[in-house]
Amino acid sequence: MATSNRWRMAGMEVPLLSTDSIEWRQLSVPSTSTYTANSDDSIAKDFASSCAVGNPPSYFLWKTSRTKAHVLEILQLQDTPTIGLRLVFSDSLFPFAFICKSRETNVASGDCLVLYALTISGVAYVIRLKSNFDYGTSSVVPASEVLEYNTHVQPHSGAITTVAASEGCLLIGRSDGSISCFQLGILDPSTPGFVSELRDDAGFGRLWGILSRSPNLGAVVDLVVSEVNQRKLLFVLHSDSSFRVWDLLSRSKIFSHATPVPASTGKTISLNCAFVRLWVGEANIVTWVIPLAMLHGHNLVGPIDVKLTSDKVWILKEDGLIMQELHSNDSTEGLAHCYALQENLVADLLFQSSKHSSDDLLWLAYSAFSSAEEEIAPFLSSVFFQALLSPGVHCNAVIRQTLVDYQKHFTDSEFGSFTVEGLKCEILSLIEHQGGSGSPVSILQFWKAFCTRYVNNWFKYNAAYGLVMDPSTGAFVIVRNYTISLCRGLEDVEHIIYDSFENQKKYIGCELDDLGDEFERKILFEFLQCVQNVSQQLGKASSTIFCESLLRTPHISFEEVVTRLLKILETGYSSSTAAILIPELGGDAALEKELSNHRNLRKFSTNMFLSFHELCHKANSWKKVLDVVESYLKFLVPHKIVLKSDAAGPFRINGSAIVQSMSQIAKVMFDSGLDICMLLSYMSSISGQLKMSYGDVSRIKVELIPMIQEITTEWHIIHYLGTTPCESHSPAIEDFSHKLSSLQIDCSGDKRLWNAKLGNFEFSLAHILLLSMQGSSGEFGKLFFSQLPNPITLVTLSRGLISWIIWGRSGEESSVFFSNSTELALILLRNNQYSATEYLLTLVDTYSRKEKSFGSLQAMNAKLALLSHLLGCCLVVQTQYGLHGPVKDRKIAEALPCFFRAASIERSSEAIQSLPPEAGWFKVDFSYVSSSPPSTAAWKLHYYQWVMQLFEQYNLSEAACQFALAALEQVDESLGNEGSTSNGNLGESVTTVKGRLWANVFKLTLDLNNYHDAYCAIISNPDEESKIICLRRFVIVLYERGAIKVFCLFLICHSIFPTLSISFCSFLGRLPSFHVVVLVMVKPIASCMNCVALVPFFSSKILCNGQLPLIGLVEKVERELAWKAARSDISAKPNPFKLLYAFEVHRHNWRRAASYIYRYSVRLRAEAAVKDHQLRSFTLQERLNGLAAAINALQLVHPSYAWIDAPVDDISYDKEIYPNKKARITMPEQSLTGDSLPQKLPSYLDIEKLEKEFVLASAEYLLSLANIKWSFTAKWSHILSMDYVKSRSAQTSSHFRVLYLDNFHSGTDKPSADLIDLLVESSSYDMAFTVILKFWKGSGLKRELERVFITMALKCCPSRLGASLPGKDRKQYGLLLTSSEDELVHDSLDAAAASQQFVGSSHWGTLEHYLVRKNEDKYRASHPRLPLIVAGTLLSADSQIDLPLWLVRHFKGDRSESGFGMTGNESNPASLFRLYVDHGRHTDATNLLIEYMENLASIRPADIIHRKKPFAVWFPYTYVERLWGMLEESIQMGHRSNQCEKLKKLLHGALSSHLNLLKVESDDVKSCSS
């Protein structure tokens, strides 16, 4: 906005506060009124006003809107406003409210306010409000604090047209011209005089020389109460243009006048065109003038608000705020002063002020980033995001409404939870949904449409409601729907840019003298005209290109952007850019744009050439022009203001206005400097045409352009700090120091409130700096925080903040660029603004190095060291805030050279240690270093250790390790030779320091799972004590991480150790892995099926993939592992006992290997007793593996030495007292004496005992698979308490103790019969027979076999199956229960056994399998009568049962091999015959006897000779006789007599034939013998 002939630019609107950040407390106003009137909703409108209460004044703002006419919002402008009050009425309100301080102050509630309000229906409210708006959880104003009154006291009174109020008085103007006065809050409504009406009084009319009023007054259109000379006057404007003044105290009229309406032509307009608004200003007690302003009704678009002072009028309009001096005779001074509103800034930043501004952005972007087209789309989005989220432009309500326009609806909580990144994601998703993700042109089209809607919504929903003035300071506040703003004046350079030189002297003052005399100022004016031409040629998008290029990561250099934009000034947009855009824009549009660019370029070149020649002609030489330019550039440098250090004032709302004002000034300065830089670059490029000398061109390139670059960089940093929102971080690693700092001990409440608002859009980085600036300059803080600043004061305050940012609190000049950057970085770092700090330091570091390259300065070294140190710290801390993958790695990689560079710069130690105490942990403290100053090596040693600890704190082990190694390189040079002691290192020797550093290297590499380097650090450590500690940690960590699985591998070999049984190898072969962590999977080799053994094979992978052996550390490793094993959880992975077993096997120490693995099995035995079913089975399987490994190891030893010591304490009763960490210094154990626990005699375990324990453990495991819990340790292995052992030690013989220990460790006694019963019950017959054969001999063996087979036989009897009972009778009927197939659990360990165990599918098949099929005579050899016992059991259980055919055949045997008749072994036909007879099976007995007799008779002729041998034929004749008697007895008793008669006849016949045959055979024998 430039200056015109009618007005001049005077300032700009500055956002002060966004109501989005206010916590609104909503209260409903109770109403008891039942009166309803015809309310006119057209009266409601957008309205805002204010009042000042108290001294010093507290400013209260209130506003209501047309859309929510029943809601009144009240806000106090004091300190940092965080709470507002929102009152909800039952009816729409008049656009009016009045607040004053209550005369009666409630001590309990504090100061109270009185609110006057009126509804459109005529109900007046007087509400007592708490000044702090603290109503707790209540949602309704207490009824006792509300006074409600219906103002329609007369039925025929006129409609309410306007209202005003004063303390204790409510004034209502009506359509009939009357004015009612209500003494609300002073008198009771029933008291006489509560309601009164203002009437004419002729006496006062004559006194003032005014005629009496006409009897017919027009409607009252406006009322204004003003205090003049301590008298409250009421100014009244009627619709007939009559104007009156009333004294409220006397209720009398003191002034009346009919006001004509002047027309623009000088003629008087009819009075029917009445005035509609009235404003009253301050009375001038010197001139006795009261300024008035009236608005006529013919103005269709009137002002939003008007404010008057004694000498000025302020008019707020939609297009600006106009200030006009009332008393000015000079034409220049009488110009209107215009303050640009925020609408202009919003439109400019979003490229809506010009039709082609957004298109220029696209063409410039293609020119600036021509290297890659894919960079254009993100660049465009970044530009618009940067503008959309900048303070003053961003408004939550407006952007939400814009998203609603695109059918994006969010709840209040959802939208309120949006962060900056979240909002960006929503808009980007909207771009994709709109189809704008394909090309830069489509994205630009979307952003143009989006920004158009946003700007329109901004103008609509954030319109200005009113203007508020502070007469004491001259400050004025613009109240909008969602924002509150102040106005600022112009900076000196802005006066030059926006104004003409004729008016500069008045507004700039003495600073204008620095620009030279009048002649030089005219040259400067001509030069600035050329600058403006360059700016118009490039368009407003050029500065955006510059800013965005600097913000990019990595950013494009300043010189590169200048070169690319200079090419546009010289040759225009390239044809390649047009070719790229033809497919997007279309051929015609692209061609038209290209032609337009060429025309503008020719016109620009011509005009610039002529302007340059005219400029040079006026100045007489280019040297003079450059001198003027250099003077003007110094004018652009930020002003230096020395701030005094004093007590700080309170943090108030004005800080936001100061920050925003600073940002606006920085933007103008940056754009101005950039335009000058482009003009000078353009002049140097066409220097030949301008006839510039080589010296002039060199001066431009070497002096002026670097000067401009420094200036623009400083203003860019200021603008960046003012517009970048603060980040809100929650540390990923909250250490104690962070938690302590979060308590904010001894911190002001204002700062705590501010910290709570980090992450909000309107709180930028400069707010942090402003808070620090306030603390450093109390006088300055009191100045701008005590009251609302006027436009000139606000600019002054902004200059102070700018000066503090650039020059620091002292304002001293420095030869170093941005000498205050270190202090700013520390402030930002302390407030967790790491991204901003990184950007600031990177930018300053880049420019500083460039500055150093021009001329080396000693001061630059200190600054570069500090910059590198702080930048490294910033990068390290950022790794803890949600960064992962390549981004985190990049931060670490960038931090490493920063620290190394900081340590290597000359005299960097002094610079880094000079950081102030408030730097916190960023300050490196080397106060313990005695040498002053320390040597370079000593400095590097201590600094590298500090950096190492920093990286280690944030779990960045790899980077920390690099600095530990770097510190090791400095030890010898810093501390001297080996064994020497340095006082500067607290008396530590070189060995100790190296030991500590190598220990750090070990720890860091171990954290990275780099076992090779960790082991190297151990063996490189010269400190023996430190080496042992590291080794212990190394072993423990490897064991815990499962990394010691590389200690030893096992292979299966053939015919080396034939002592290992085939069954044991097959058992191992069924395991998925043997010793899951230690050993590889064992697979039997096809060619080694007869004899297989496990042979240890050293695979050269003891540690670190075989690169490092255990050099002299074998015994130490074993000792540490044994200590860890005794104190580790048995379920740990990998298990230390397994590691020790593998370790000893590798060393061929078989007995010790067996001892360790047996201890493991003993620990497992105790664990299995308390585990549930699933874990118990796994534990028992592990125990079996351990016992099997112990047996295998002992089999590899000579039989004379194949034993191990039994552990005395398998399960220690004092296990809990074992420490988790081993003490560095251990005391030798002392023997117990006196009342101590007696020494236990040693016990030994050989292979036989281990095998027995293995068998019992196998039985327990199989029972656990069947969900049956049994433990042989429950009976034998009682864990005695200490008191019991002490009391029994004297009475118990040593033999008993030895026997007890022997049973405890091996369990070699016979197990109880319950075990056999449980195994049979669970159908684990193989295991039951194995236990019997292992533990019983002789008669005991036969007895147990009989019990098992009897039980198996009873399971086959149907008559006994139903007799089995579950539950509590299980033990009584245990041997009669059938095995349920559902209860059988098949496991990999028992898979082979289960497949062999059940050949048949029934109990008969099982009985047959174990009695007559398996191994033929395995069990019958031990007990030949087993078939007879089985058959007798079956017949005893059911005498009528049909014996299975296989059993009968077993009794009958092979007749070819047996003798004739029924002779044979224990299980012969005669035995079967006797069983039949004993159990009454007459038919079966008869048939069996007849069968064998007939068989004898039908013998082959060849075998007759055998039959005639003596004693060759035998039958159980006694039982035959008994059978005969039993048949006769049955016949006599009549029991189955017919059947018995038949059997008797058959038996008689068979016996007769048999006896005859025997007689014949006997006679033959006799005859042969004779």
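Structure notes:
- Subset tally (residues that are of a type in the set (F, W, Y), open to solvent by less than 50 Å² (accessible area, probe 1.4 Å) and not in a loop (DSSP other than H, G, I, E, B)) for the stretch 1514-1570: 0
- Applying the criterion of being open to solvent by less than 30 Å² (accessible area, probe 1.4 Å) and at pLDDT below 90 to the residues of the stretch 100-115, the residue that is nearest to I186 (Cα to Cα) is S102.
- In the stretch 508-528, the residue that is modelled with the lowest pLDDT out of those that are closer than 17 Å to K624 by Cβ and open to solvent by 70 Å² or more (accessible area, probe 1.4 Å) is D514.
- Some residue of the stretch 219-230 being open to solvent by less than 50 Å² (accessible area, probe 1.4 Å) and modelled with pLDDT under 80: no
- Residue that is modelled with the lowest pLDDT [pool: residues in the stretch 365-379 that are hydrophobic (A, V, I, L, M, F, W, C) and out of contact with any Pro (no Cβ under 8 Å at 6 or more places or on another chain)]: A372
- Scope the stretch 987-1039; condition of a type in the set (A, V, I, L, M), under 16 Å from A964 (Cβ atoms) and surrounded by fewer than 18 Cβ atoms within 10 Å (Cβ to Cβ); matching residues: L1008
Rundown of residues vs (1) of a type in the set (F, W, Y); (2) closer than 29 Å to M662 by Cβ; (3) modelled with pLDDT under 90, yes/no style:
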site	(1), (2), (3)
E432	no, no, yes
F459	yes, yes, no
M469	no, yes, yes
S485	no, yes, no
H495	no, yes, yes
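- The listed residue being part of a helix (DSSP H, G or I), more than 41 Å from the chain's Cα centre (by Cα) and modelled with pLDDT under 85, out of R1159, R1176, R1151, R1165: R1165
- Scanning the stretch 451-487 for residues that are in contact (Cβ under 8 Å) with a residue 60 or more places away in the chain and assigned to a helix (DSSP H, G or I) yields a count of 7.
- Within the stretch 766-790, the residues that satisfy the criterion of being modelled with pLDDT under 50, open to solvent by 40 Å² or more (accessible area, probe 1.4 Å) and within 27 Å of V53 (Cβ to Cβ) are K782, L783.
- From the list L595, L591, the lone residue that is aliphatic (A, V, I, L, M), at pLDDT below 75 and assigned to a helix (DSSP H, G or I) is L591.
- Of the candidates V393, V441, V398, the single residue that is surrounded by 18 or more Cβ atoms within 10 Å (Cβ to Cβ), in contact with an Asp or Glu (Cβ under 9 Å, 6 or more places away or on another chain) and either outside any loop (DSSP other than H, G, I, E, B) or not hydroxyl-bearing (S, T, Y) (or both) is V441.
The values are calculated or read from the model by the stated rules, or taken from the named source; none is laboratory data. These numbers come from a predicted model, not from an experiment. In this analysis, Cβ positions are derived from the backbone assuming ideal geometry, glycine residues included, and neighbour counts consider all displayed protein chains. We work out accessible area using only protein heavy atoms, side chains counted, and drop any ligands, DNA or RNA first. Shrake-Rupley method; radii C 1.70, N 1.55, O 1.52, S 1.80 Å.
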